[in-house]
């Protein structure tokens, strides 16, 4: 009633790591509200002033199961691809090369070029002044630089027995027989592959979930 009428320009509401709301008692209300704001633009011109940008790293249905209330099946979807080797090298140089040239391949294997993990890894090496050996040792632990992210992924699987079993099959046998679980794990960014061959998306996931599942 106040912000939109008083605004003379366009408003962009941008939210990162929105999946942190997963498990809160208001997650459904929040995402339903975002959908309602989007729908309002069809009936009231003033709502055309606002654009909503949300960044998530999990499947939308886990955030809000009702497709009719979900903001994720309307609007434009953009998928961020994993970094290629040359992109990781460039980003490493922008961080003053905490990863040495002969360590790049191991860094890529550990994190798979996943943009968020890559950025956190480089930032951690710079700010914590960890040795390379210390970084590799801490990476897959609950006390390491990726602990929040890893625990959140594990939490997503907490009451999904079929997904836990499917991920264990990938870890132990590099296959995933359950087509539905395979699709959901792919969409969640936990595994990669095609045909009959599937692996964890990166070695960090392989180490962490092999220990936790």
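The values are calculated or read from the model by the stated rules, or taken from the named source; none is laboratory data. Given the structure is predicted, the values throughout are model-derived calculations rather than measurements. Cβ: placed from backbone, ideal geometry, glycine included. Neighbour counts: every protein chain shown.
Observations on the model:
- From the options 172, 203, residue that is within 19 Å of the chain's Cα centre (by Cα), at pLDDT 95 or above and farther than 20 Å from residue 59 by Cβ: 203
- Residue within segment 119-139 that is in contact with a strand residue (DSSP E or B) (Cβ under 8 Å, 6 or more places away or on another chain) and without any contact (Cβ under 8 Å) to a residue 60 or more places away in the chain present: no
- When residues of segment 13-26 are limited to those that are over 18 Å from residue 74 (Cβ atoms) and without any contact (Cβ under 8 Å) to a residue 60 or more places away in the chain, the one surrounded by the fewest Cβ atoms within 10 Å (Cβ to Cβ): 25
- Pick from segment 68-85, criterion closer than 21 Å to residue 120 by Cα and crowded, with 18+ Cβ neighbours inside 10 Å, ranking: nearest to the chain's Cα centre (by Cα): 82
- Verdict on residue 31 being modelled with pLDDT of 90 or more and surrounded by 17 or more Cβ atoms within 10 Å (Cβ to Cβ): yes
- When segment 150-179 is filtered for residues that are assigned to a helix (DSSP H, G or I) and closer than 21 Å to residue 139 by Cα, the ones remaining, listed by number, are 150, 151, 152, 153, 154, 155, 156, 167, 168, 170, 171, 172.
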